[in-house]
Each structure stands twice: as C-alpha cells, then as structure tokens.
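Here the structure comes first, spelled out in structure tokens, and everything after it is commentary.
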Amino acid sequence: MDKNEAIRRRDLAVLWHPTTQMKDHEWLSLLPVSSGKGVWLEDMEGKRYIDAISSWWVNLFGHANPHISNAVSEQANRLEHVILAGVTHEPAVRLAEKLVAVTPPGLDRVFFADSGASAVEISLKMSFHYWRNVGERGRDRFVTLSNSYHGDTLGALGVGDAGLFKAAYEPLLMEPLVAPSPDCFALPRAQWDAHAAGKLDQMREILETNEGRVCAVIVEPLVQCAGGMRMYPPAYLTGLRALCDEFRVHLIADEIAVGFGRTGSMFACEQGGISPDFMCVSKGLTGGYLPMSAVLTSHAVYQAFYDEYTTMRGFLHSHSYTGNALACAAALATLELFEQRDVLADNRLLARKMLAAVSPLKDHEHVGDIRQTGMILAMEMVARREPLIQYDWKERRGISVYQYAMTQGVLLRPIGNVIYFMPPYVINSEEIELLAQVAIAGIDLATREQA
Ligand SMILES: Cc1ncc(COP(=O)(O)O)c(C=O)c1O
C-alpha cells in the first residue's frame with residue numbers, strides 16, 4: 001500500500017471532515033498533503049497539485065512563504081500567546097494600527113477573534129447591542145441578501161441564505177429579512193448596474209416596511225463566494241450605503257472571503273467608495289497561516305459601549321485565542337508583503353491572463369456564464385444556454401471536473417456546477433495556462449456525460 005493510501009485509511013477511521021458527506025469518501029479519494037510551496041501542494045508520494053482555490057480562499061502569497069514563515073517562527077520563540085483581556089502585546093497593537101490604516105476611512109476600532117464565523121457573530125451582537133445602548137430597543141432584525149453565506153455557527157448561519165447549509169437547523173435559527181441579491185448571473189456587464197439598481201429598490205421597500213426595527217444589513221461585498229461566486233457591481237454597494245444612512249441602519253460588510261486584494265482593490269467596499277459600520281475580515285488576513293479574524297468598527301459605535309461597568313453597556317464577548325500573537329505576526333508579515341511590491345497592479349495582469357486563458361469556453365454550449373471580479377474567475381456549467389436551463393444539483397457535475405483535475409495535478413473545488421479559480425497571488429503564467437487547460441478539458445468531460 002502506498003503512503004497516500006495508508007494515511008487515507010487512518011484518516012477515515014478517526015476523522016470527520018468539514019462540509020462533507022463522509023460516505024462520499026467511499027468513492028471520492030482524499031488528497032493527503034505532505035507539504036506545500038508557492039501555489040503547489042505535494043502528496044505523500046511526491047505528486048504535485050496546483051492549489052487553484054487558495055485552500056478555501058485563505059492563502060494569498062503561497063504555501064510556506066519564507067517571509068511569513070520566518071515571522072511566525074521568530075514570534076513563536078518570543079511569545080506564542082497570552083490572554084488579551086487585561087493584557088496587551090506589541091504584535092496585537094501593531095496589527096490593529098495597520099488594519100485601521102489599510103481599511104476604508106472611519107473604521108478605527110479593532111476587535112480580534114479567531115474565525116470568520118466568530119467575526120460575523122461579533123458584528124451582529126455589536127450592532128444589536130449598540131441600538132440597545134442608545135435606547136432604540138425595538139431593533140432586533142437583520143437584513144441579508146438571498147444566496148448569502150456568512151459562516152456555519154448558529155448566528156452566522158441564521159443571517160445567511162444558503163438553504164443547503166441551514167435547512168436542517170431552521171428551528172434553531174433567527175429569521176432574517178431577505179432582500180433579493182443583485183447577483184448578475186448570465187447578464188452582460190453593460191446590464192449589471194441597471195440590474196443592481198432594481199434590487200436596491202427592493203431593499204428600500206424592506207427598510208421602509210421595517211423602519212425602526214432593523215439593526216443592520218449584512219452583505220458580502222461584490223462576490224457571494226459560497227453562493228457560487230455570484231457577482232454584482234460596486235454601484236450596489238454605493239446605493240446600499242446611502243439606503244442604510246437614510247433609514248439609519250448599520251451596514252455590515254463581510255469581507256472575510258473578498259478582503260485583502262481578492263476583488264482587485266484592497267477591500268471590495270473601496271470600489272463602491274463606501275465605509276461600512278462594521279467590517280469583518282479573516283481568511284487572507286494571516287496569508288492563510290493561522291486562524292484569525294477581526295471586526296473593525298467606528299468611533300461612534302465604540303463610544304456607545306464606553307461607560308461605567310455597572311451600566312452593563314460593555315461588550316462582554318471573548319474567544320480564548322483572541323489576538324493570538326502568532327496569528328498577529330503572520331498577519332503583519334502578510335501586510336508587509338503588500339508593501340513590498342504593487343500586489344494589486346500585478347494581480348490585474350494575472351486576472352487578465354486568467355480570463356484570456358479560459359476564452360475557449362466562451363462558446364461552449366454548456367457554459368452559461370464566465371464571470372470575473374479581480375482574482376476570482378468563475379465558470380458556470382448549465383444544461384442549456386438558450387433558454388437557460390441549469391443542471392439539477394443532484395447530478396453533481398462539478399465533482400466530475402474535480403476528479404479529472406486531480407488526475408492532472410490541479411486542486412479545484414467546485415461549488416455545485418460552478419468551477420472557479422481563486423489562486424494565490426504568486427501564480428505565474430504557465431500555471432494559469434495549466435489551470436485553464438485542465439478546467440476546459442474537465443468541463444468538456446463533465447458536460448458530455450448523460451445525467
Ligand atoms: C463571506 C464569508 N463569511 C464568513 C465565512 C465563515 O468563515 P469561517 O469558515 O472562517 O468561519 C466565510 C467562509 O467561507 C465566508 O466566505
């Protein structure tokens with residue numbers, strides 16, 4: 001038995017994997033990874049795979065990046081972790097200062113946590129608690145977009161709209177008000193702004209009808225990633241900020257997946273020229289090294305909690321690993337890499353190359369949409385283009401592409417029938433070409449099969 005197979009067997013005897021029907025692994029092989037370098041992962045027998053999805057969208061500057069690795073190892077030899085209640089340390093302070101400096105204006109307080117979902121929970125609690133602290137106790141609703149995803153803990157799941165993830169837990173979840181997503185699936189770019197404007201009208205109706213009852217609107221700016229890399233234009237964000245101001249509700253920007261350069265700007269909100277009241281960041285924050293998240297908010301929000309202890313206005317929320325020093329060091333090193341070269345300009349070039357490389361799919365009879373926002377490129381397989389008919393999700397055609405790509409040394413992880421590239425920013429032209437060739441051949445294969 002080779003080393004890959006040996007570890008697979010041990011794994012399946014004890015592990016329970018995330019977002020996985022474990023029975024699938026009776027026929028779907030686990031990939032045992034022993035090391036990584038740049039965009040490449042290596043299995044236990046030395047076979048290499050391009051990490052086309054940045055290991056669930058977290059990796060920005062490649063695996064085993066020497067700059068980040070050194071920073072983490074130096075920090076580990078000085079201070080690995082210390083409680084952050086009543087204690088402070090230089091890496092946490094420096095990181096908070098840097099985050100305030102790189103995020104949109106007005107976000108000048110940083111609350112650390114340890115995962116994307118925990119950041120979302122914090123933003124929801126802070127918004128709700130803010131309104132109580134300022135005496136508006138009638139506000140207890142959140143508005144979300146259809147097809148949104150904000151994490152898997154109960155609060156975050158509750159403000160998401162990903163049916164597949166939440167159906168089983170419905171009785172435990174809060175009920176958000178759901179506004180239609182401005183998702184521009186299969187629309188030509190020229191129609192995106194008009195489409196989004198129509199969806200803003202529907203958002204207005206919801207805010208009007210529920211005036212005085214809403215704490216916040218929560219959105220994934222520009223790309224609904226887990227919802228299938230569905231995209232919409234910056235104009236929606238601009239309009240949404242104006243609506244939130246008009247109806248005096250908070251805007252929570254969940255930049256967990258799209259922050260740190262993914263969409264072409266450092267943060268997606270910048271493209272709409274807006275500052276949210278809360279911004280959640282995670283994933284790329286530590287360059288994909290360590291679990292960490294942060295919620296940034298305004299001075300005004302912070303002030304509403306600032307009072308004598310006995311008034312119970314304080315934000316009494318914590319996670320044991322809040323402000324972990326190793327994670328702070330990884331995040332600081334990641335932000336330094338943005339300062340060392342013009343990453344966003346280089347990414348623009350890479351993004352153009354990605355799009356050019358998949359151009360043969362433009363006329364493919366089973367590719368209904370090729371869409372791109374910065375370093376996210378998605379191709380959606382459909383049963384028919386005209387009139388548009390989507391594949392039944394139960395056919396699981398994306399898995400066929402995944403399986404083919406694995407044989408070719410590419411790790412793609414489709415979302416349903418959506419194949420996407422979201423690679424580390426250190427990918428080169430040849431690697432992009434390989435990704436595209438494999439995706440094209442895989443899509444051909446998967447869409448030729450009969451249901
Ligand atoms: C937009 C968004 N919010 C929240 C989360 C949850 O983050 P985590 O998996 O770190 O809890 C994700 C994860 O994919 C995400 O894409």
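The values are calculated or read from the model by the stated rules, or taken from the named source; none is laboratory data. Quick caveat: nothing in here was measured; it's all calculated off a predicted structure. We place every Cβ from the backbone using ideal geometry, glycine too, and count neighbours over all the protein chains shown. Remember, those area values only see protein heavy atoms, side chains included, never the ligands or the DNA or RNA. Shrake-Rupley method; radii C 1.70, N 1.55, O 1.52, S 1.80 Å.
Only beta bridges with both residues in the chain are counted; by DSSP, about 70 percent of them are antiparallel. Here the chain is treated with +1 on each Lys and Arg Cβ and -1 on each Asp and Glu Cβ, and its dipole about the Cα centre works out to around 180 debye. Shape of region 229-329 from its Cα gyration tensor (a ≥ b ≥ c, root eigenvalues): rounded if a/c is under 1.5, otherwise prolate when a/b > b/c, or oblate? Oblate shape, in that a/c is at least 1.5 and b/c is the bigger or equal ratio.
Taking other residues whose beta carbon is less than 12 angstrom from the beta carbon of L377, and scoring Lys, Arg as +1 and Asp, Glu as -1, yields +2. The residues neighbouring F278, those whose beta-carbon lies less than 14 Å from its own, together hold a net charge of -3 under the Lys/Arg +1, Asp/Glu -1 convention. The gain in end-to-end length when the V14 to R385 segment is fully stretched comes to 129.2 nm, 0.36 nm per residue minus the alpha carbon separation. For region 348-451, the solvent-accessible area of protein heavy atoms averages 46 Å² per residue (probe radius 1.4 Å; ligands and nucleic acids excluded).
Among beta bridges from DSSP that stay inside region 128-269, the antiparallel ones total about 15%. Rounded to whole numbers, the Karplus 3J(HN,Hα) couplings from phi for region 49-66 are 9, 6, 7, 6, 10, 6, 6, 6, 6, 9, 7, 10, 10, x, 6, 6, 5, x Hz, using 6.51 cos²θ - 1.76 cosθ + 1.60 with θ = phi - 60°, and x at Gly and Pro. Once backbone amide H atoms are built at 1.01 Å from N, G288 has L60 as its partners under 5 Å, excluding neighbours fewer than 5 places away on the same chain. Of the GluC sites (Glu not before Pro) in region 326-388, the ones in a loop by DSSP (not H, G, I, E or B) with at most 12 other beta carbons within 10 Å are E365. Across region 1-73, Cα pairs under 8 Å and at least six residues apart give a relative contact order of 25 percent. Under 37 °C and 0.692 mPa s, how fast does the chain diffuse according to Stokes-Einstein, given a Kirkwood radius computed over C-alpha pairs? Answer in µm²/s, whole number. So the translational diffusion coefficient is about 143 µm²/s. Region 331-369 and region 36-92 have Cα centres spaced 22 Å apart. Counting only heavy atoms of the protein chains and using a 1.4 Å probe, V102 has close to 50 Å² of accessible surface. Remark: the A242-E365 segment gains 40.2 nm on full extension, using 0.36 nm per residue and subtracting the alpha carbon distance. For region 230-237, backbone phi angles converted through the Karplus equation (6.51, -1.76, 1.60; θ = phi - 60°) give residue-by-residue couplings of 7, 10, 8, x, x, 4, 5, 5 Hz, Gly and Pro being listed as x. Accessible surface of region 149-235, 1.4 Å probe: 55 percent of it comes from carbon and sulfur atoms.
Label separation (T310 vs A194): 6.4 nm, computed from points 7 Å beyond Cα along the C-beta direction.
Between E5 and W393, residue separation times 0.36 nm minus the direct Cα-Cα distance comes to 136.7 nm.
When a 1.4 Å probe is rolled over the protein heavy atoms, the share of accessible surface on region 1-57 that falls to carbon and sulfur comes to 55 percent. Region 226-244 and region 137-185 have their alpha-carbon centroids 16 Å apart. Around the amide H of V382, modelled in the peptide plane, lie the amide H atoms of V367, G368, all under 5 Å away and 5 or more residues distant in sequence or on another chain. Counting only protein heavy atoms, what percent of the accessible surface of region 259-347 is carbon or sulfur at a 1.4 Å probe? For region 259-347, the apolar C and S fraction of the accessible surface comes to 52 percent. How would you classify region 140-219 from its alpha-carbon gyration tensor, with a ≥ b ≥ c the square roots of the eigenvalues: rounded for a/c under 1.5, else prolate if a/b is greater than b/c, otherwise oblate? Since a/c reaches 1.5 but b/c is at least a/b, the shape of region 140-219 is classed as oblate.
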